[in-house]
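Before any comments, here is the structure.
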Amino acid sequence: MADEVKLYGLDGSPFVCRVKIALNLKKIDYKFVVEDLRNKSADLLKYNPVHKKIPVLLHSGKPISESLVIIEYMDDAWKGAPLLPKDPYEKAQARFWAKFVDDKCIPIVFKAIVSHGEEKDLAEAHEQLQFLENQLNEGKKFFGGDDINLVDISATFIAYWVGAAEEALGLKLVSKDKYPKLTEWCDNYINCQAVKDGLPPREILLGFFKMWFATPNSFVYNEFLNKSS
Amino acid sequence: MAKGDVKLLTMWASPFCMRVKVALAEKEIAYEEIEEKDLMNDKSDLLLKSNPVHKQVPVLLHDDKPIAESTNIITYIDQVWSAKPLLPECAYEKSRARFWADYIDRKVHPAGRAIWSSNDKDEVEVAKNNFLDIMKYLDGTLGDKDYFNGDTFGFVDILLIGLTSYFPAYEKFGDFKLEDYYPKLAAWITRSWARETVSESLTNPEKITNFVIMMRKMFGLE
């Protein structure tokens, strides 16, 4: 079909989840193709020959990869809920913060979790998280204001995956005391229908983290660190 | 065309600043360049105030409103000064440009740095091969086109050309010549440097190679 949309990915990937949420916000019907990262499909290798990673969005047979690139494409290609501000300066700010989450925040938060809260990693994670906390000005429900935007979507890992990892590990990274605005944002964000519909069940994430912390799986670790974004 | 006051915070050896200067020149935007005197040890108050998160150049100040991160700055410039667009019109081609922008941003400069920041022969060989692998992909996507953007010099061209003042240093310390491996890509570099907007914006490669030697001395490699 000319306008067919397919998403190649895995339920457990926060980067795939970003795209699912964006598709839900735009109310786009799509087919989800589950990938086995240890046995990548011929299609995945064809559509993302450079990185060979998920997510990959296929629109009318044309592939787009890298989650933030996909979301920008979606905003260009489809009407409906805007995922980026219209004003060029506000757009630039949104892109800046989305990249900050991607390049700085998520890697160090992930590292702090994986190192079971090693002091130096924790300190660095808190430094980056504080920037995010400060971005949520008074009265702002989301990073995008009244509505979810690219920055909120980019921080899905913080909103949902971190909580599951904290529970599995017995470590509190994003506490209400230290991050009153960020914790409130997490609640607001994951309770949005479009987000809820895109998130994997919490039990699956809990199970994964519990199993992983018991026997660290370097394959998964490397895949994540090399980023499927 | 004047659209407000434009300033750019820079440092002469930063390839990311060079990229933005090329974009500003391509768009014929007049601006004031404010160079950091000592980026490593004594960042200016203006820089710290304008980019408190990363504390890095380049930062564009448009009517004193700061925009940071070079690719982000160039995208902003393209949108505000919309004559002679740097990005393709079509949504899909735009996504391809953004994909390669992301690839270039993540891979090229770190890979080049790995070549000159070690004296261990095996490490340098691995670094060189890694760099050439990256060049292979870029050469492949360039294909037989004059520019990454097609017939006209555009977004991806600007992002990559800004990093090329460092390439002779990589070739020197990696002991290789890019043109022996990827002649089309090497030709693209020459073709792009022939543009005044590029040659006047990019720091002389010899000056950069001396800068790299100075960095190596600092790391105890010379």
Cα-based Kirkwood hydrodynamic radius, the protein assembly as shown, one decimal, Å: 23.3 Å
Rounded to the nearest Å, the spacing of the alpha-carbon centers of region A:127-196 and region B:39-60 is 27 Å
In region B:36-65, which residues give up 30 Å² or more of accessible area once the other protein chains are added, compared with their chain alone (1.4 Å probe)? B:VAL53, B:HIS54, B:LYS65
Calculated FRET efficiency for the pair A:ALA214/B:ASP63, C-beta based, R₀ 60 Å, to 0.05: 0.60
About the Cα centre of the protein assembly as shown, what is the dipole size in debye to 20, counting +1 per Lys and Arg Cβ and -1 per Asp and Glu Cβ, all else neutral? 600 debye
Whole-Å distance, taken between Cα centres, linking region A:64-99 and region B:133-166: 24 Å
Charge dipole magnitude, Cβ of K and R +1, D and E -1 - chain A, Cα centre, debye nearest 20: 460 debye
Leaving ligands, DNA and RNA out of it, report the carbon-plus-sulfur percent of the accessible area of region A:1-67 at a 1.4 Å probe. 51 percent
Of the residues B:ALA186, B:ALA114, B:TYR147, the Cα lying farthest along the dipole of region B:86-222 towards its positive end, which is defined by charges on the beta carbon of Lys, Arg, Asp and Glu, belongs to B:ALA114
Loop-resident trypsin sites (Lys or Arg not before Pro) in region A:20-63 with no more than 16 other Cβ atoms inside 10 Å, DSSP not H/G/I/E/B, are A:LYS27, A:ARG38, A:LYS40, A:LYS52
Other-chain or far-sequence residues with amide H under 5 Å of B:ILE34's (modelled H): B:LEU8, B:LEU9, B:THR10
For region B:118-132, just list the computed ³J(HN,Hα) in residue order, Karplus coefficients 6.51, -1.76 and 1.60, θ = phi - 60°, integers in Hz, with x standing in for Gly and Pro. 9, 10, 6, 4, 5, 4, 5, 4, 4, 4, 4, 5, 5, 4, 5
Return the residues of region A:45-66 for which accessible area with all protein chains present is lower than in the chain on its own by 50 Å² or more; set the probe to 1.4 Å and exclude ligands, DNA and RNA. A:VAL50, A:HIS51
Using 7 Å Cα-to-Cβ label points, what is the A:LYS120/A:ASN134 separation (nm, one decimal)? 2.4 nm
Cα convex hull of chain B: how many Å³ per residue? 122 Å³
With +1 on the Cβ of every Lys and Arg and -1 on the Cβ of every Asp and Glu, and nothing else charged, how large is the dipole of chain B about its Cα centre, in debye rounded to the nearest 20? 240 debye
Pairs of alpha-carbon atoms within less than 8 angstrom and 6+ residues apart define the contacts here; what relative contact order does chain A have, in percent? 24 percent
Run the numbers on region A:27-137 and let me know its relative contact order in percent, using alpha-carbon pairs under 8 Å that are six or more apart. 11 percent
GluC sites (Glu not before Pro) restricted to DSSP loop in region B:88-180 with at most 13 other C-beta within 10 Å: B:GLU89
Which of the listed residues, A:TYR30, A:ALA168, A:PRO201, is farthest toward the dipole's positive end in chain A, when Lys, Arg count +1 and Asp, Glu count -1 at the beta-carbon? A:TYR30
Say R0 is 25 Å: what FRET efficiency, to the nearest 0.05, do B:SER117 and B:TRP193 get from their beta-carbon distance? 0.50
List every residue whose amide H lies under 5 Å from the amide H of A:PHE32, counting only residues 5 or more places away in sequence or on a different chain, with H placed 1.01 Å from N in the peptide plane. A:LEU7
How much of A:ASP36 can a 1.4 Å solvent probe reach, expressed as accessible area in Å² and rounded to 10? 90 Å²
Looking only at other chains, what is the average number of their beta-carbon atoms within 10 angstrom of each beta-carbon in B:100-112? 2
Calculate the FRET efficiency for B:GLU222 and A:LYS181 from the Cβ-Cβ distance with a Förster distance of 56 Å, rounded to the nearest 0.05. 0.70
Relative contact order for chain B, counting Cα pairs under 8 Å that sit 6 or more residues apart, in percent: 23 percent
Segment B:GLN79-B:TYR181, length gained on full extension (0.36 nm per residue, minus Cα span): 33.1 nm
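The values are calculated or read from the model by the stated rules, or taken from the named source; none is laboratory data. Here the structure is a predicted model, which means the values were calculated and not measured. Neighbour counts are summed over all protein chains in view; Cβ atoms, including those assigned to glycine, are modelled from backbone coordinates with ideal geometry. These accessible areas exclude ligands, DNA and RNA; they are computed on the full protein's heavy atoms, side chains included. Shrake-Rupley method; radii C 1.70, N 1.55, O 1.52, S 1.80 Å.
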